[in-house]
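Student: Provided herewith is a single structure, encoded as structure tokens, for subsequent inquiry.
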Amino acid sequence: MITLYDGGAYLLNGSELVADAPEALQAVKAKTGKEITKEEAKKGTIAYGILETHNTSGDMEKLKIKFDQLCSHDITFVGIIQTARASGLEKFPIPYVLTNCHNSLCAVGGTINEDDHMFGLSAAKKYGGIYVPPHQAVIHQYAREMMAGGGRMILGSDSHTRYGALGTMAMGEGGPELVKQILNQTYDINMPEVVGIYMTGAPKKGVGPQDVALAIIGAVFGNGYVKNKVMEFVGPGISNLSADFRIGIDVMTTETTCLSSIWRTDSEIEEFYEIHGRKEVHKDLNPADVTYYDGMVTVDLSEIKPMIAMPFHPSNVYTIDEVNANLKDVLHEVEKKALISLDGAVEYSLQDKIRNGKLYVEQGIIGGCSGGGFENICEATEILKGKYIGADEFTLSVYPSSTPIYMELVRNGCVASLMETGAIVKTAFCGPCFGAGDTPGNNGFSIRHNTRNFPNREGSKLQSGQISSVALMDARSIAATAANQGYLTSAEGWEGNIGKYKYHFDSKIYANRVFDSKGVADESVEVKLGPNIKDWPEMAALPENLLLQVAAEIHDPVTTTDELIPSGETSSYRSNPLGLAEFALSRKDPMYVGRAKEIQKAQKAVMEGRCPLHEKPELKEIMKVVNEKFPEAGKGNLGFGSTIFAVKPGDGSAREQAASCQKVLGGWANIANEYATKRYRSNLINWGMMPFIIKEGELPFKNLDYIFFPGIRKAVEEKAEIIKAYAVKGDSLVEFDLTIGELTEEEREIILKGCLINYNRV
């Protein structure tokens, strides 16, 4: 079904693989008649060509990328624009789309959701952007329909910014990276490795894009095979997939922790652009006749079966048949894994989901950027036709991913057919994907064609004793389950008609409602600032020395950004940095915020010219120990703050708030064995926080301990490979080593100045 090569591989003429080995180049020459080096063959990837076109450094090993377009939604665009305004923003230099798909249905927090929307509209007018009103489209569907183009690059502030199936290399990053683009700066990375995803065969009926995506995620997530790399989809099997099918696989590549994705394109993608009135942006993209990939994953599409990602991660995959055949064993295994994910905060059992020997689920959701596509909903409708979902606990909600798709589903009768079954069809909205819509009841089990199933993504609030579960599935098997009135059912064997419904895009829907400045800024417009929209607090430059208290210690194998700053209801405070920070680590460590605030008092005293030891008397004893070895520390050269330790933080969302909330609470660093994603590490750096690495198994400190960093500013300035630190243990100091990893000159300066805002402020 899916095979991972131990090393790299050569792809010949887009159809034949030769594994990397000492004699591989001889085999390549024998088969193609071409004599080529591995270094030359690496340049044959589609990814290399696109990156080369967008690189401004002149050095393909050290990239400085300028993107063609930017996109954000209403959880992130206020903070991004506020950061850019604090840095002297005058005009968006490239098209910047502001969509409103994450908080369009939330009712908490008074007027703040619509206040943020009005901020977005006024900012689009003032700075020359594009504003997509609520309910029109989820961010990624609008980008597919109106922004993507062959060979383009798009940067988005949502982690699922993936348009590779359409020939666009797209990346999801924290907001500060978009700020850099807005300020005409660059996205700086080393040339990423490129892993080929070689597809053969064709999917069986009843198998959808989510099934293929989950199978791939299950194969590559745990071993980090594609982490921070580009996934390049090639092979003859792609020709057997529709554009919608490819898009559905592509958007889920984020869950592999890859950097970006790109696919070879063909007439199917050309037709997609033609349907959307943009045929001119299509470009045929193919690897060179001889192309080298740093890794290779082969996928036989004909062997993929309907899949399910059980709680609480997209990589926790099984076939649906496997779950049904071994129900008690699988549920027991999920429960054991949940003990780690949930920290034992609530009792968690799935055994009551077994009814009459079958798994009963209370809710089905089809929607968002992964599930709300035209084909997914049409085929789900066909499976459900003539049936009904029943009058028991099970419910089914369907969210088309854009109003043009919704309109076509109305016109072709699918909406009526769905509603006859008892399903509810709603507007374009991302809420169910991050815990802000269709929350199941306590102990409920939801199956969703969405992107993630982390704890809290479905509305759980562990601190209040509330827990529910999400499993990821394809729309087709969700429909089959709905037709079986809530009992888990695979869609394998469905014999319906694929391609029965043809899509027609109605461009008037956007033309009549979306505000498009056409790149013209109007400086006379005043940005509308609702009462919840606050400026970023003042942030200090990196001092000569640092004394940090460990305010949280997390030993989970992976810590998601949802655990660092929960999604769902907290997103209502997204435009108020200090208000949102109150929720930081609230699920993992409810004491964190209070601890961070206490040590932050000392730093505030320093910034105001007062004695920090008066603010926190216990520091007197700590400083006595420090001063025995470092007598000059504390004489106008010392900063105070907090840090956290986590084994592997940053999996999941691109949202910068996972880092910025720590920063506004006085955070100066994270200490980790490794970082789950490049984007979380970038977020730390852009908020002036040091991404320290400590060797696994070496932990000379514990929660609440103080750590002294002598000469930390000099160490950053001089690019020290080893950072010396000292844990205060009683009346002694325990020395240990940290590393900070490679930093660009710009990143180094950002840390020294305290954050990206300080770096750019004139």
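Student: Kindly evaluate Gly367 against the criterion of being under 14 Å from Ala479 (Cα atoms), buried (at least 24 other Cβ atoms within 10 Å of the Cβ) and assigned by TED's automatic domain parsing to the domain that holds Glu492.
Tutor: Yes, satisfied.
Student: Within segment 588-634, can you find the residues that are outside any helix (DSSP H, G or I) and more than 37 Å from the chain's Cα centre (by Cα)?
Tutor: Glu608, Gly609, Arg610, Cys611, Lys616, Pro617, Glu618, Phe630, Pro631, Glu632, Ala633, Gly634
Student: Right, something else. Looking at Thr395, Thr421, Thr381, which is the one that is among the hydroxyl-bearing types (Ser, Thr, Tyr), over 24 Å from the mean Cα position of the chain (by Cα) and crowded, with 24+ Cβ neighbours inside 10 Å?
Tutor: Thr381 is the lone residue from the list that is among the hydroxyl-bearing types (Ser, Thr, Tyr), over 24 Å from the mean Cα position of the chain (by Cα) and crowded, with 24+ Cβ neighbours inside 10 Å.
Student: For Glu742, work out the one condition from (1) under 24 Å from Lys648 (Cβ atoms); (2) over 31 Å from the mean Cα position of the chain (by Cα) it doesn't fulfil.
Tutor: Of (1) under 24 Å from Lys648 (Cβ atoms); (2) over 31 Å from the mean Cα position of the chain (by Cα), only one is false for Glu742: (2).
Student: Pick from segment 210-228 the residues that are of a type outside the set (A, V, I, L, M, F, W, C) and crowded, with 23+ Cβ neighbours inside 10 Å: which of them is farthest from Ile154 (Cα to Cα)? Spell out how you get there, then give the answer.
Tutor: Let us first name the residues in segment 210-228 that are of a type outside the set (A, V, I, L, M, F, W, C), namely 210-211, 218, 222-225, 227-228.
Remaining after also requiring crowded, with 23+ Cβ neighbours inside 10 Å: 210-211.
On the way: Gln210: 23, Asp211: 26 Å.
Looking at the filtered set, the residue picked out is Asp211.
Student: Also: Right, Ala483: under 30 Å from the mean Cα position of the chain (by Cα), crowded, with 20+ Cβ neighbours inside 10 Å and touching a residue at least 40 places away in the same chain (Cβ under 8 Å) or not?
Tutor: The answer is no for Ala483.
Student: With respect to Leu342, is the statement that it is farther than 18 Å from Ala483 by Cβ, not assigned by TED's automatic domain parsing to the domain that holds Ile247 and not aromatic (Phe, Trp, Tyr) true?
Tutor: Criteria met by Leu342.
Student: Identify, please: which residue in segment 603-620 is crowded, with 20+ Cβ neighbours inside 10 Å and at pLDDT 90 or above and is, among those, nearest to Gly754 (Cα to Cα)?
Tutor: Step by step, filter segment 603-620, then rank; the result is Gln603.
Student: Can you report the number of residues in segment 635-669 which are touching a residue at least 24 places away in the same chain (Cβ under 8 Å), under 26 Å from Cys611 (Cα atoms) and either surrounded by fewer than 23 Cβ atoms within 10 Å (Cβ to Cβ) or not aromatic (Phe, Trp, Tyr) (or both)?
Tutor: So the count comes out to 15.
Student: For segment 513-534, how many residues are under 12 Å from Thr403 (Cα atoms) and out of contact with any strand residue (DSSP E or B) (no Cβ under 6 Å at 6 or more places or on another chain)? Give the derivation first.
Tutor: Taking segment 513-534 first, the residues under 12 Å from Thr403 (Cα atoms) are 513-514.
Restricting the remaining residues to those that are out of contact with any strand residue (DSSP E or B) (no Cβ under 6 Å at 6 or more places or on another chain) gives 513.
Residues flagged as under 12 Å from Thr403 (Cα atoms) and out of contact with any strand residue (DSSP E or B) (no Cβ under 6 Å at 6 or more places or on another chain) within segment 513-534 amount to 1.
Student: If you check Glu173 against the conditions, is it of a type in the set (Asp, Glu) and closer than 25 Å to Lys126 by Cα?
Tutor: Yes: the conditions hold for Glu173.
Student: When the residues of segment 670-720 are narrowed to those that are assigned to a helix (DSSP H, G or I) and over 23 Å from Glu544 (Cα atoms), which ends up modelled with the highest pLDDT?
Tutor: Residue satisfying both the conditions and the ranking: Tyr680.
Student: Something else now. Select from segment 609-654 the residues that are touching a helix residue (DSSP H, G or I) at 6+ places or on another chain (Cβ under 6 Å), under 29 Å from Pro566 (Cβ atoms) and of a type in the set (Lys, Arg) and list them in ascending order.
Tutor: Answer for segment 609-654, where residues must be touching a helix residue (DSSP H, G or I) at 6+ places or on another chain (Cβ under 6 Å), under 29 Å from Pro566 (Cβ atoms) and of a type in the set (Lys, Arg): just Lys616.
Student: Looking at Asn703, Asn686, which is the one that is buried (at least 24 other Cβ atoms within 10 Å of the Cβ) and either closer than 30 Å to Phe221 by Cβ or in the same structural domain as Ser157 (by TED's automatic domain parsing) (or both)? Steps first, answer last, please.
Tutor: Numbers: Asn703 fails: buried (at least 24 other Cβ atoms within 10 Å of the Cβ).
Every option except Asn686 fails the conditions.
Student: Counting only residues that are of a type in the set (Val, Ile, Thr) and farther than 14 Å from Leu12 by Cα, give me the helices (runs of 4 or more DSSP H) lying completely in segment 26-95 with at least 2 of them.
Tutor: So the answer is 46-54, 77-86.
Student: For Thr111, indicate whether it is surrounded by fewer than 23 Cβ atoms within 10 Å (Cβ to Cβ), among the β-branched types (Val, Ile, Thr) and either outside the structural domain of Asn683 (by TED's automatic domain parsing) or under 30 Å from Leu241 (Cβ atoms) (or both).
Tutor: Working: surrounded by fewer than 23 Cβ atoms within 10 Å (Cβ to Cβ): yes; among the β-branched types (Val, Ile, Thr): yes; either outside the structural domain of Asn683 (by TED's automatic domain parsing) or under 30 Å from Leu241 (Cβ atoms) (or both): yes.
In short, yes.
Student: Please specify each residue of segment 721-739 satisfying the condition of being more than 22 Å from Pro631 (Cβ to Cβ), assigned to a loop (DSSP other than H, G, I, E, B) and in contact (Cβ under 8 Å) with a residue 60 or more places away in the chain. I'd like the intermediate steps shown before the answer.
Tutor: Just the residues of segment 721-739 that are more than 22 Å from Pro631 (Cβ to Cβ), to begin with: 721-722, 737-739.
Still in the list and also assigned to a loop (DSSP other than H, G, I, E, B): 721-722.
Residues satisfying the conditions do not exist here.
Student: While we're on this one: Kindly check whether there is at least one residue in segment 187-198 that is among the small types (Gly, Ala, Ser) and in a helix (DSSP H, G or I). Steps first, please.
Tutor: So in segment 187-198, the residues among the small types (Gly, Ala, Ser) come out as 196.
Within this subset, residues satisfying the condition of being in a helix (DSSP H, G or I) are none.
No.
Student: Which members of segment 398-407 meet the condition of being of a type outside the set (A, V, I, L, M) and either buried (at least 24 other Cβ atoms within 10 Å of the Cβ) or in contact with a Leu (Cβ under 7 Å, 6 or more places away or on another chain) (or both)?
Tutor: Of all residues in segment 398-407, those of a type outside the set (A, V, I, L, M) come to 399-404, 406.
Within segment 398-407, Tyr399, Pro400, Ser401, Ser402, Pro404, Tyr406 qualify.
Student: When both residues are 6+ apart or on different chains and their Cβ atoms are under 7 Å apart, which pairs have a first residue that lies in segment 433-445 and is closer than 18 Å to Met473 by Cβ and assigned by TED's automatic domain parsing to the domain that holds Asp352, and a second that is in a strand (DSSP E or B) and among the polar types (S, T, N, Q)?
Tutor: Final answer for the pair search is Asp438/Gln363; Asp438/Ser397; Pro440/Gln363; Pro440/Ser446; Gly444/Gln363; Phe445/Ser469.
Student: Please find, within segment 1-60, the residue that is modelled with the highest pLDDT out of those that are among the charged types (D, E, K, R) and buried (at least 16 other Cβ atoms within 10 Å of the Cβ). Step through it out loud before you land on a result.
Tutor: Step one: of segment 1-60, the residues among the charged types (D, E, K, R) are 6, 16, 20, 23, 29, 31, 34-35, 38-40, 42-43, 52, 59.
With the extra rule that they be buried (at least 16 other Cβ atoms within 10 Å of the Cβ), the set shrinks to 20, 42.
Working: Asp20: 92, Lys42: 97.
Filtering segment 1-60 for residues that are among the charged types (D, E, K, R) and buried (at least 16 other Cβ atoms within 10 Å of the Cβ), the one modelled with the highest pLDDT comes out as Lys42.
Student: Let me ask something else. Give, as residue ranges, the helices (runs of 4 or more DSSP H) completely inside segment 356-464 that count at least 1 residues that are out of contact with any helix residue (DSSP H, G or I) (no Cβ under 7 Å at 6 or more places or on another chain) and among the basic types (Lys, Arg).
Tutor: Values: elements: 368-371, 374-384, 403-411, 414-420.
Here the list reads 403-411.
Student: Restricting to segment 324-346, count the residues that are assigned to a loop (DSSP other than H, G, I, E, B) and within 29 Å of the chain's Cα centre (by Cα).
Tutor: Matching residues across segment 324-346 total 5.
Student: Just to be sure, is Ala491 under 30 Å from Leu733 (Cβ atoms), assigned to a loop (DSSP other than H, G, I, E, B) and not aromatic (Phe, Trp, Tyr)?
Tutor: In short, no.
The values are calculated or read from the model by the stated rules, or taken from the named source; none is laboratory data. On a predicted model such as this, the values are computed, not experimentally measured, just so you know. Quick reminder, even Gly has a Cβ in these numbers, built from the backbone with ideal geometry, and neighbours come from all protein chains shown.
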